[in-house]
Amino acid sequence: MVTAPRTNVLTEGSSLRVAEVSKHFQNLDQSSGSTHALDNVSLSIEAGELVALVGPSGCGKSTLLRLVAGLDSPGSGELWVGTEQITAPSAERGLVFQDPNLFPWLTVRHNIEAGLVARGVLHEKRNEVEDFIKLVGLESFAGSYPHHLSGGMAQRVALARALVNHPKVLLLDEPLGALDAFTRMRMQDEVLRLWEARGTTMLFVTHDIDEAIYMSDRIVIMTPRPGRIERVLKVNLERPRLRNSAGFLRLRSDILELLHFTGRNAPRELESAAAVETPVA
Amino acid sequence: MVISPKPILSAVGLIALAVWFPVTMLTMSGIANTRASYLDVARTLGAGPSFLIFRVAIPAAMPNIFLGLFMGLGASFLTLIVAETVGVRSGLGWYVSWAQGWAEYGKVYAALVIMAAFFSTIMTLLFKARDRVLVWQKGTIKW
């Protein structure tokens, strides 16, 4: 519904490497020890890849995302973007939450500008803001305050706000989790369109297996207590993907199986065409 | 009134104290209650400390700051009247008790009306200021 903005040169995404990362959280109640949020997690993501993190609550998906964002530091292990080690948050790694977290005191336009203001480059890049407003199709809402927006619109603003800095890596923490089913499917296409247009490396957390299969190049399945990577599946399906194709459904049942949601206890051998990778150290 | 040599200074000091307390407390709580996720988002957008303070924490605390200002304003009115009545020999509060002493109730009521007009004008100005600063709240919060 929106054409790619004129200044939209393909930004070169960056590869992402997570090496043997562990993270403990001290419990609030001192006597009960600590929670093992991540246990020796290793993952590499190529530049421009779209990877989904899937798993039940408490498996450390969001923790991993916060570590990549630089908002928390790992207990042990290292995280790298390209050749730079992650030590602190940076505009090169955008983050979008389930709650759009728009600044309610700023209009849509000013929310999108926030990243430019924060980096002190608003003056040079002001003309790009218009392109980003168009990119997410909110021209007529540019002057509105966030509470006038629907959930889908607010999330589009949050995406534009993260993209305005041309991040090398975009991190999405259940970005579409709060949307209704139809808005959600539209937004999945929207995110894919942004990804294809910009070539940004994307890592997103989701609870929705269909969403993961529909969107991603690879699916990382995590298990809780302690959070670790159970399996990495490559999605060998042509885009745009059909949600009811045989390959799609097979992959779906395989993932459910891996997460033990099929009623049978022991995981049987995988049947689908999906190539199975074990987590690389 | 004991510490200060001049009555006017002691009155000003009392009012300052009455205003300072609610304004400080509510500003503090407003800043401390800034949603952590706003700060997280700002940091991933490349924000430094000054952006986090002046463009995130303070705007987020603005509704609370205004609450403090309203409470401070109310407290200052009360303190002003009390200070004028018991402390200094000037002002409308003093005038009311003086006129009362001479049983000139017309003057008492006139002074009360002037006070009411004066205070409500200042209150209205503060409401106007709030509506400007917190324009983004329009339609979400009513008070």
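Rule-based calculations on the coordinates, nothing more; no lab input. As the structure is a computational prediction, the values presented were derived from the model and not from experiment. Cβ coordinates were reconstructed from backbone atoms using ideal geometry, including for glycine residues, and neighbour counts include every protein chain displayed.
Taken about its Cα centre, segment B:80-137 carries a charge dipole of about 180 debye when Lys and Arg each add +1 at the Cβ and Asp and Glu each add -1 at the Cβ. A dipole drawn for segment A:80-191 from +1 and -1 charges on Cβ atoms has a positive end, and of A:101, A:140, A:191 the residue lying farthest that way is A:140.
Treating only the Cβ of Lys, Arg, Asp and Glu as charged (+1, +1, -1, -1), what charge dipole size does chain B show about its Cα centre? Round to the nearest 20 debye.
Details: 11 positive and 4 negative charges, 76 e Å.
Charge dipole, chain B, about its Cα centre: 360 debye, nearest 20.
Treating chain B as a set of equal point scatterers at the Cα positions, no solvent, please give the Debye-formula log₁₀ I(q)/I(0) at q = 0.13, 0.14, 0.15 Å⁻¹. With one equal scatterer per Cα and no solvent, log10 I(q)/I(0) is -0.73, -0.80, -0.86.
Between the amide H of residue A:201 and those of A:13, A:14, A:48, A:170, distances stay under 5 Å, these residues lying 5 or more places away or on another chain, with hydrogens modeled in the peptide plane. Using a cutoff of 8 angstrom between alpha carbon atoms and counting only pairs six or more residues apart, the relative contact order for segment A:18-63 works out to 35 percent. Between residue A:96 and residues 5 or more places away or on another chain, which pairs have amide H atoms under 5 Å apart, with H built 1.01 Å from N, and which residues are they? Hits under the 5 Å cutoff: A:171, A:172, A:173. With unit charges on the beta carbons (Lys and Arg positive, Asp and Glu negative) and the dipole taken about the Cα centre of chain B, which residue among B:39, B:126, B:66 sits farthest to the positive side? Positive-end residue among those listed: B:39. In a simple Cβ point-charge model (Lys, Arg +1; Asp, Glu -1; nothing else charged), chain A has a dipole of about 260 debye relative to its Cα centre.
Per the Kirkwood formula applied to alpha carbons, chain A shows a radius of gyration over Rh ratio, Rg over Rh, of 0.97. Mean partner shielding of peptide B:44-56, defined as the number of other chain Cβ atoms within 10 Å of each residue Cβ, is 6. Of the residues B:97, B:37, B:29, which exhibits the maximal mean-square fluctuation in a Gaussian network model of chain B defined by a 10 Å Cα contact cut-off? Comparing B:97, B:37, B:29 in the GNM, the peak value goes to B:37.
Karplus-derived 3J(HN,Hα) values for segment B:49-56, using 6.51 cos²θ - 1.76 cosθ + 1.60 with θ = phi - 60°, are x, 5, 5, 4, 7, 7, 10, 10 Hz; glycine and proline are entered as x. Using all Cα-Cα distances in segment A:44-183, what percent lands in each 10 angstrom bin from 0 up to the longest? In whole percents, the pair-distance histogram is 11, 39, 34, 15, 1. DSSP assigns beta bridges within the protein assembly as shown; of those with both partners inside it, close to 55 percent run antiparallel. Scalar couplings 3J(HN,Hα) for segment A:45-55, obtained by applying the Karplus form with A = 6.51, B = -1.76, C = 1.60 to θ = phi - 60°, are 10, 6, 4, x, 7, 10, 10, 9, 9, 10, x Hz; x denotes Gly and Pro.
Taking the charge dipole of chain A about its Cα centre, with +1 at Lys and Arg Cβ atoms and -1 at Asp and Glu Cβ atoms, the residue from A:164, A:129, A:114 reaching farthest to the positive side is A:129. Note on A:95-106: average number of Cβ atoms from other chains within 10 Å of each residue's Cβ is 5. Note on chain B: with a GNM built from Cα contacts shorter than 10 Å, the maximum mean-square fluctuation among B:27, B:85, B:124 falls on B:124. Which one, A:241, A:198, A:231, has the greatest fluctuation when you compute a Gaussian network model over chain A with C-alpha springs under 10 angstrom? Highest fluctuation among the options: A:241. Checking every one of the chymotrypsin sites (Phe, Trp or Tyr not before Pro) in segment B:1-91 against DSSP loop status and a limit of 16 other Cβ atoms within 10 Å picks out no site at all. Remark on residue A:230: its backbone amide H falls under 5 Å from those of A:221, A:222, A:223, a criterion applied only to residues 5 or more positions apart or on other chains, H modelled at 1.01 Å from N. Can you give the longest run of chain B that contains no trypsin sites (Lys or Arg not before Pro) sitting in a DSSP loop with at most 11 other Cβ atoms inside 10 Å? Counting at most 11 other Cβ atoms within 10 Å as exposed, the longest clean stretch of chain B is B:1-88. Seen against the Cα atoms of chain A and their longest principal axis, helix A:246-258 is set at about 60 degrees. Here the Karplus curve 6.51 cos²θ - 1.76 cosθ + 1.60, taken at θ = phi - 60°, turns the phi angles of segment A:117-134 into couplings of 5, 4, 8, x, 10, 4, 4, 6, 10, 4, 5, 6, 4, 4, 5, 6, 4, 5 Hz, with x standing for Gly and Pro. For chain A, the relative contact order comes to 26 percent (Cα pairs under 8 Å, sequence separation of at least 6).
With contributions of -39500 (n - 2.57) from each DSSP H run of at least four residues, the per-residue ellipticity at 222 nm computed over chain A stands at -9500 deg cm²/dmol.
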